[in-house]
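Colleague: Let me begin by handing over the structure; questions about it come next.
The values are calculated or read from the model by the stated rules, or taken from the named source; none is laboratory data. Worth saying up front: this structure is predicted, and the values here are computed from it rather than measured. Glycine gets a Cβ as well: all are built from the backbone with ideal geometry, and neighbour counts include every protein chain shown. The accessibility values were calculated without ligands, DNA or RNA, using every heavy atom of the protein model including side chains. Shrake-Rupley method; radii C 1.70, N 1.55, O 1.52, S 1.80 Å.
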Amino acid sequence: MLTLRCCVVDDEPLAQELVASYIEKTPFMELVGKFSSAQDSVKTILEEDIDVVFLDIQMPQLNGMEFARIVPPTCRIIFTTAYDRYAIEGFKVNALDYLMKPISYEEFVGAANKALQWVELRRRADELDNNKRYIIVKSEYKQVQIPIDKIQFIEGLKDYVKIYVEGEKNAILTLTSMKTIERYLPAAEFLRVHRSFIVNTSKISIIERNRIVFGNHYIPVSESYKQAFNDYVAGYSLSAQRDNQPGED
(Lines give C-alpha, C1' and ligand atoms only; values in the text may rest on other atoms or scores of the structure.)
Protein backbone atom coordinates (compact mmCIF):
# COMPACT_ATOMS: atom_id res chain seq x y z
CA MET A 1 0.00 0.00 0.00
CA LEU A 2 1.19 3.50 -0.84
CA THR A 3 2.35 5.45 2.23
CA LEU A 4 2.42 9.24 2.31
CA ARG A 5 5.39 10.78 4.12
CA CYS A 6 4.12 13.77 6.10
CA CYS A 7 5.30 16.71 8.20
CA VAL A 8 3.41 19.07 10.50
CA VAL A 9 4.50 22.71 10.75
CA ASP A 10 2.62 24.71 13.40
CA ASP A 11 3.81 27.01 16.18
CA GLU A 12 0.83 26.08 18.39
CA PRO A 13 1.85 22.93 20.36
CA LEU A 14 -1.70 21.62 20.87
CA ALA A 15 -2.67 22.06 17.22
CA GLN A 16 0.63 20.47 16.14
CA GLU A 17 0.10 17.43 18.38
CA LEU A 18 -3.51 16.99 17.22
CA VAL A 19 -2.58 16.83 13.53
CA ALA A 20 0.41 14.60 14.32
CA SER A 21 -1.89 12.19 16.16
CA TYR A 22 -4.27 12.12 13.17
CA ILE A 23 -1.37 11.24 10.85
CA GLU A 24 -0.23 8.44 13.15
CA LYS A 25 -3.72 6.84 13.26
CA THR A 26 -4.20 7.01 9.47
CA PRO A 27 -3.00 3.72 7.87
CA PHE A 28 -1.60 5.22 4.66
CA MET A 29 0.34 8.04 6.36
CA GLU A 30 3.74 8.22 8.06
CA LEU A 31 4.77 11.09 10.36
CA VAL A 32 8.33 12.08 9.46
CA GLY A 33 8.61 15.26 11.53
CA LYS A 34 6.90 17.95 13.66
CA PHE A 35 8.16 21.53 13.57
CA SER A 36 7.22 24.80 15.24
CA SER A 37 8.53 26.98 12.39
CA ALA A 38 8.89 26.79 8.63
CA GLN A 39 12.64 27.36 8.89
CA ASP A 40 13.11 24.30 11.09
CA SER A 41 11.30 22.10 8.58
CA VAL A 42 13.30 23.02 5.46
CA LYS A 43 16.05 20.41 5.79
CA THR A 44 13.60 17.54 6.35
CA ILE A 45 11.28 18.58 3.52
CA LEU A 46 14.17 18.81 1.07
CA GLU A 47 16.03 15.65 2.06
CA GLU A 48 13.35 13.18 3.15
CA ASP A 49 11.07 13.05 0.07
CA ILE A 50 8.06 14.50 1.90
CA ASP A 51 4.74 14.08 0.09
CA VAL A 52 2.48 16.28 2.24
CA VAL A 53 3.01 19.17 4.67
CA PHE A 54 0.23 20.17 7.07
CA LEU A 55 1.07 23.84 7.37
CA ASP A 56 -0.16 26.60 9.66
CA ILE A 57 -0.30 30.07 8.11
CA GLN A 58 0.23 32.60 10.89
CA MET A 59 3.75 31.92 12.15
CA PRO A 60 6.63 34.27 13.03
CA GLN A 61 9.46 35.11 10.60
CA LEU A 62 8.42 33.00 7.57
CA ASN A 63 4.64 32.51 7.44
CA GLY A 64 2.93 29.51 5.90
CA MET A 65 1.77 31.31 2.77
CA GLU A 66 5.30 32.51 1.98
CA PHE A 67 6.73 29.07 2.70
CA ALA A 68 4.17 27.33 0.45
CA ARG A 69 5.50 29.30 -2.53
CA ILE A 70 9.00 27.83 -2.24
CA VAL A 71 8.50 24.16 -1.33
CA PRO A 72 9.36 21.65 -4.11
CA PRO A 73 6.49 20.97 -6.55
CA THR A 74 6.52 17.25 -5.59
CA CYS A 75 5.46 18.21 -2.04
CA ARG A 76 1.83 19.28 -1.57
CA ILE A 77 0.49 21.66 1.07
CA ILE A 78 -2.61 21.26 3.25
CA PHE A 79 -3.18 24.45 5.23
CA THR A 80 -4.36 24.23 8.84
CA THR A 81 -5.49 27.59 10.20
CA ALA A 82 -7.99 29.37 12.41
CA TYR A 83 -8.58 32.10 9.80
CA ASP A 84 -10.75 31.75 6.70
CA ARG A 85 -9.51 34.96 5.09
CA TYR A 86 -6.53 33.16 3.60
CA ALA A 87 -8.58 30.57 1.70
CA ILE A 88 -8.47 32.21 -1.73
CA GLU A 89 -4.76 32.99 -1.46
CA GLY A 90 -4.19 29.41 -0.28
CA PHE A 91 -5.55 27.96 -3.50
CA LYS A 92 -3.53 30.46 -5.52
CA VAL A 93 -0.37 28.81 -4.18
CA ASN A 94 -1.76 25.44 -5.31
CA ALA A 95 -2.68 24.15 -1.84
CA LEU A 96 -4.32 20.74 -1.90
CA ASP A 97 -6.81 21.63 0.86
CA TYR A 98 -7.59 24.21 3.52
CA LEU A 99 -8.64 22.98 6.98
CA MET A 100 -10.15 25.28 9.58
CA LYS A 101 -9.22 24.80 13.24
CA PRO A 102 -10.42 23.07 15.31
CA ILE A 103 -9.98 20.19 12.85
CA SER A 104 -12.04 17.02 13.25
CA TYR A 105 -10.64 13.65 12.24
CA GLU A 106 -13.37 13.34 9.61
CA GLU A 107 -12.21 16.60 7.97
CA PHE A 108 -8.59 15.49 8.23
CA VAL A 109 -9.30 12.16 6.50
CA GLY A 110 -11.08 13.97 3.66
CA ALA A 111 -7.98 16.07 3.00
CA ALA A 112 -5.71 13.05 3.45
CA ASN A 113 -7.62 11.13 0.78
CA LYS A 114 -7.17 14.03 -1.64
CA ALA A 115 -3.44 13.87 -1.00
CA LEU A 116 -3.38 10.10 -1.52
CA GLN A 117 -5.19 10.41 -4.86
CA TRP A 118 -2.84 13.16 -6.02
CA VAL A 119 0.31 11.18 -5.14
CA GLU A 120 -1.07 8.03 -6.80
CA LEU A 121 -1.79 9.97 -10.00
CA ARG A 122 1.63 11.61 -9.94
CA ARG A 123 3.44 8.31 -9.53
CA ARG A 124 1.43 6.66 -12.29
CA ALA A 125 2.26 9.56 -14.58
CA ASP A 126 5.95 9.21 -13.70
CA GLU A 127 5.84 5.50 -14.52
CA LEU A 128 4.20 6.17 -17.90
CA ASP A 129 6.57 9.02 -18.68
CA ASN A 130 9.94 7.43 -18.02
CA ASN A 131 11.32 9.13 -21.12
CA LYS A 132 10.43 12.69 -20.12
CA ARG A 133 13.19 15.10 -21.05
CA TYR A 134 12.57 18.01 -18.74
CA ILE A 135 12.25 18.95 -15.08
CA ILE A 136 10.06 21.66 -13.53
CA VAL A 137 11.37 23.71 -10.61
CA LYS A 138 10.15 26.67 -8.57
CA SER A 139 12.28 29.79 -8.92
CA GLU A 140 11.38 33.31 -7.77
CA TYR A 141 7.68 32.44 -7.33
CA LYS A 142 7.51 30.94 -10.83
CA GLN A 143 7.55 27.38 -12.11
CA VAL A 144 10.26 26.94 -14.72
CA GLN A 145 10.46 24.01 -17.15
CA ILE A 146 14.06 23.09 -17.95
CA PRO A 147 15.01 20.72 -20.80
CA ILE A 148 17.34 18.09 -19.36
CA ASP A 149 19.47 18.15 -22.51
CA LYS A 150 20.23 21.85 -21.91
CA ILE A 151 21.54 21.47 -18.35
CA GLN A 152 25.31 21.90 -18.16
CA PHE A 153 25.89 21.42 -14.45
CA ILE A 154 24.22 21.86 -11.07
CA GLU A 155 25.74 23.47 -8.00
CA GLY A 156 24.54 22.82 -4.44
CA LEU A 157 24.30 25.76 -2.02
CA LYS A 158 23.10 24.44 1.35
CA ASP A 159 19.26 24.44 1.01
CA TYR A 160 19.28 25.61 -2.62
CA VAL A 161 20.71 24.49 -5.93
CA LYS A 162 21.79 26.56 -8.95
CA ILE A 163 21.04 25.02 -12.33
CA TYR A 164 23.29 26.22 -15.14
CA VAL A 165 21.46 25.95 -18.46
CA GLU A 166 22.94 26.23 -21.94
CA GLY A 167 22.01 29.53 -23.58
CA GLU A 168 20.84 31.14 -20.31
CA LYS A 169 22.80 34.13 -18.98
CA ASN A 170 21.94 33.46 -15.33
CA ALA A 171 21.68 30.21 -13.41
CA ILE A 172 18.25 29.15 -12.13
CA LEU A 173 18.07 29.12 -8.32
CA THR A 174 15.59 26.76 -6.65
CA LEU A 175 14.89 25.54 -3.12
CA THR A 176 15.75 21.83 -3.14
CA SER A 177 18.63 19.51 -2.28
CA MET A 178 21.24 17.84 -4.47
CA LYS A 179 19.89 14.45 -3.36
CA THR A 180 16.37 15.32 -4.53
CA ILE A 181 17.28 16.79 -7.91
CA GLU A 182 19.67 13.91 -8.63
CA ARG A 183 16.71 11.51 -8.48
CA TYR A 184 15.09 13.30 -11.43
CA LEU A 185 18.16 13.19 -13.69
CA PRO A 186 19.07 10.24 -15.97
CA ALA A 187 21.92 8.40 -14.22
CA ALA A 188 23.45 7.47 -17.59
CA GLU A 189 23.86 11.15 -18.50
CA PHE A 190 24.63 12.95 -15.24
CA LEU A 191 27.57 12.35 -12.93
CA ARG A 192 28.16 13.53 -9.37
CA VAL A 193 31.78 14.75 -9.23
CA HIS A 194 31.69 16.60 -5.90
CA ARG A 195 29.29 16.88 -2.98
CA SER A 196 28.33 20.28 -4.44
CA PHE A 197 28.39 19.53 -8.18
CA ILE A 198 26.57 17.33 -10.70
CA VAL A 199 27.61 17.56 -14.36
CA ASN A 200 25.95 16.63 -17.62
CA THR A 201 28.60 14.38 -19.15
CA SER A 202 27.53 15.22 -22.71
CA LYS A 203 28.42 18.87 -22.05
CA ILE A 204 31.99 18.18 -20.91
CA SER A 205 34.49 19.51 -23.43
CA ILE A 206 37.60 20.35 -21.37
CA ILE A 207 39.13 18.64 -18.32
CA GLU A 208 42.08 20.51 -16.84
CA ARG A 209 44.08 19.48 -13.76
CA ASN A 210 41.28 17.42 -12.27
CA ARG A 211 38.75 20.15 -12.95
CA ILE A 212 35.94 20.27 -15.51
CA VAL A 213 35.81 23.55 -17.40
CA PHE A 214 32.51 25.15 -18.42
CA GLY A 215 33.47 28.58 -19.80
CA ASN A 216 34.55 30.63 -16.76
CA HIS A 217 33.43 27.95 -14.31
CA TYR A 218 35.90 25.37 -13.00
CA ILE A 219 34.22 22.34 -11.42
CA PRO A 220 36.45 20.41 -9.01
CA VAL A 221 36.44 16.61 -8.92
CA SER A 222 36.68 15.60 -5.26
CA GLU A 223 38.48 12.55 -3.92
CA SER A 224 35.20 10.82 -3.01
CA TYR A 225 33.98 10.89 -6.62
CA LYS A 226 37.33 10.68 -8.42
CA GLN A 227 37.20 6.94 -9.18
CA ALA A 228 33.77 7.13 -10.82
CA PHE A 229 34.87 10.15 -12.85
CA ASN A 230 38.13 8.49 -13.91
CA ASP A 231 36.17 5.40 -14.98
CA TYR A 232 33.90 7.60 -17.09
CA VAL A 233 36.87 9.35 -18.75
CA ALA A 234 38.68 6.04 -19.37
CA GLY A 235 35.58 4.64 -21.06
CA TYR A 236 35.73 7.37 -23.71
CA SER A 237 39.47 7.97 -23.86
CA LEU A 238 41.11 7.03 -27.18
CA SER A 239 44.52 6.77 -25.52
CA ALA A 240 43.19 4.36 -22.88
CA GLN A 241 41.54 2.20 -25.51
CA ARG A 242 44.68 2.14 -27.65
CA ASP A 243 46.77 1.08 -24.65
CA ASN A 244 44.48 -1.95 -24.28
CA GLN A 245 44.91 -3.02 -27.92
CA PRO A 246 47.35 -5.84 -28.76
CA GLY A 247 50.67 -4.77 -30.31
CA GLU A 248 50.79 -3.97 -34.00
CA ASP A 249 53.44 -5.25 -36.43
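Colleague: Given a 1.4 angstrom probe, I'd like the percentage of the accessible area of the chain that is carbon and sulfur, rounded to a whole number.
Modeller: C and S fraction of accessible area: 49 percent.
Colleague: Under a straight-distance cross-link criterion of Cα-Cα below 30 Å, which lysines are reachable from residue 203, leaving out those fewer than 8 residues away in the same chain?
Modeller: Filter leaves 132, 138, 142, 150, 158, 162, 169, 179, 226.
Colleague: Which whole-number percentage describes the relative contact order of segment 154-232, with Cα contacts under 8 Å and a sequence gap of 6 or more?
Modeller: After rounding, I find 21 percent.
Colleague: Separate question: What's the angle, to the nearest 10 degrees (0 to 90), between helix 105-128's Cα axis and the longest principal axis of the chain?
Modeller: 20
Colleague: From the residues 98, 35, 60, which one has its Cα farthest along the dipole of segment 1-116 in the positive direction, the dipole being from +1 and -1 charges on Cβ of Lys/Arg and Asp/Glu about the Cα centre?
Modeller: The Cα lying farthest towards the positive end belongs to 98.
Colleague: For the chain, with every protein chain kept in place, what is the accessible area per residue (1.4 Å probe, Å²)?
Modeller: 57
Colleague: Please determine, in degrees from 0 to 90 and to the nearest 10, the orientation of helix 13-24 with respect to the longest principal axis defined by the Cα atoms of the chain, where the helix direction is its Cα long axis.
Modeller: Rounded to the nearest ten degrees, it is 70.
Colleague: Report the Cα centroid-to-centroid distance between segment 7-22 and segment 142-174 in angstrom, as an integer.
Modeller: 35
Colleague: I want the local charge near residue 44. Using Cβ-Cβ distances under 15 Å, sum +1 for each Lys or Arg and -1 for each Asp or Glu among the other residues.
Modeller: Here the charged neighbours net out to -3.
Colleague: Follow-up. Considering Cα pairs under 8 angstrom that are at least six residues apart, work out the relative contact order of the chain and quote it in whole percent.
Modeller: Result for the chain is 11 percent.
Colleague: In the chain, what % of DSSP beta bridges are antiparallel (nearest 5)?
Modeller: So the antiparallel bridges amount to about 60 percent of the total.
Colleague: What is the sum of charges around residue 116, taking Lys and Arg as +1, Asp and Glu as -1, for the other residues whose C-beta is under 13 Å from the C-beta of residue 116?
Modeller: +2
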